[in-house]
1. Rounded, prolate or oblate: which one fits segment 245-338, using the alpha carbon gyration tensor with axes a ≥ b ≥ c (rounded when a/c is under 1.5, else prolate when a/b beats b/c, else oblate)?
2. Two-decimal Rg/Rh of segment 69-133 from alpha-carbon positions, Kirkwood Rh?
3. Apply the a/c threshold of 1.5 to the C-alpha gyration tensor of segment 1-57 and tell me whether it is rounded, prolate or oblate.
4. Just to confirm the filter: which GluC sites (Glu not before Pro) across segment 149-251 are DSSP coil and have at most 14 other Cβ within 10 angstrom of their Cβ?
5. Pull up the DSSP beta bridges for the chain and report the antiparallel fraction as a percent, rounded to 5.
6. Restricting attention to segment 92-152, which chymotrypsin sites (Phe, Trp or Tyr not before Pro) occupy a DSSP loop and are surrounded by at most 12 other Cβ atoms within 10 Å?
7. Using r as the Cβ-Cβ distance of residue 82 and residue 38, and R0 as 35 Å, what FRET efficiency do you calculate, to the nearest 0.05?
8. What FRET efficiency would be calculated for the residue pair residue 11, residue 66, taking the C-beta separation as r and a Förster radius of 30 Å, to the nearest 0.05?
Amino acid sequence: MIIVMRPDSTEADVELVVQRLGERGYGHHISRGEARTIIGAIGAPDHEKEVVAGQFSVLPGVERVVPILKAYKLISREHNPRPATVLIGPARVGGGSLAVIAGPCSVESREQIMQTAHAVKDAGAAALRGGAYKPRTSPYSFQGLGVEGLEFLMAARAETGLPIVTEVMDVRQLAGVAEAADCVQIGARNMQNYDLLKEAGRCGKPVMLKRGFSSTVEEWLKATEYIAAGGTLDIILCERGIRTFEDATRFTLDLAGVAVVRRETFLPIVVDPSHAVGVASLVPSMALAAVAAGADGLLIEVHPRPDQALSDGPQSLTPVAFGELMKQVRTVAEAVGRQL
Ligand code: PEP
Ligand code: MN
């Protein structure tokens, strides 16, 4: 914590700050510049810093107090400097490998998910993703097949061997989703559902946390810390685009945010270009850019018949287009030292 004194502060003001620090059992370090004095507080425990900063900011002669603290600890690189590998079933995410997770936005029928599972597996996907519970902007849109959708996903896993990723929207769904899935996805709209985050951290399966589309990287990392505090470090982050003034694409893919996340945490991060751009023709270039930017994986929406999809058809790749993309992904992955 750093206490910056005003230029017109007096020696008595400085002494009072030092005295108050001492009363709390903290050490101090005074740095006297030409214009102002800065006092570093030493030994304040993290959990006290925010409150103490508020209290010191009202002392006479104090201009501002800067708490030097990261609100995320368990997931920070300081806590664990080595990049982690998270396993989705047998699929490795992070630690030098690149995992492509693909599938339809929604599980619509047994046949649709089977067909997609075989197609993405043949093209080299590491995991199958599809929503049984769908967070739709309109209550009148298709809401997902629920439990039946989970059963279809499990059947697809049994037939293809692909591990499955699927979304949980509510604490009440968590036990069922965690039992069925190899990785539980928390969607953009639930990034700040803190009760769900905490519970997901205790569900026994890895958790993929998508970035809220109006959230800063810091808010996203704090949300991630909730899952870690729940009890697991098997967490994958997913950048899926944020809302900006630009409306040429559905959202704006924040690849700089991916670089920041990689600097701040050891946890793997995947990129979802499908939701970010919202249109199939733009997905491949953003997918390749994400790999080049250091993503540990991709999340791509694929549908056997995008023209008949019940959700997100316009941004879904056909199996053929997905196969083409995978070839290019392989080339870029090799160029940046990643193994597909
Ligand atoms: C999805 O993954 O299909 C989805 C709804 O994405 P998001 O939560 O990123 O909007
Ligand atoms: Mn979708």
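1. oblate
2. My calculation of the ratio gives 1.16.
3. prolate
4. Listed in order of number, the matching sites are 246.
5. DSSP beta bridges in the chain are roughly 40 percent antiparallel.
6. In loop regions of segment 92-152 (DSSP not H, G, I, E or B), the sparsely surrounded chymotrypsin sites (Phe, Trp or Tyr not before Pro) are 140.
7. Computed FRET efficiency for residue 82 and residue 38 comes out at 0.50.
8. 0.85
Values in this text are rule-based calculations from the coordinates and carry no lab data. Keep in mind the model is a prediction, meaning the values are calculated, not measured. No Cβ is skipped: glycine too gets one built from the backbone with ideal geometry, and neighbour counts run over all protein chains shown.
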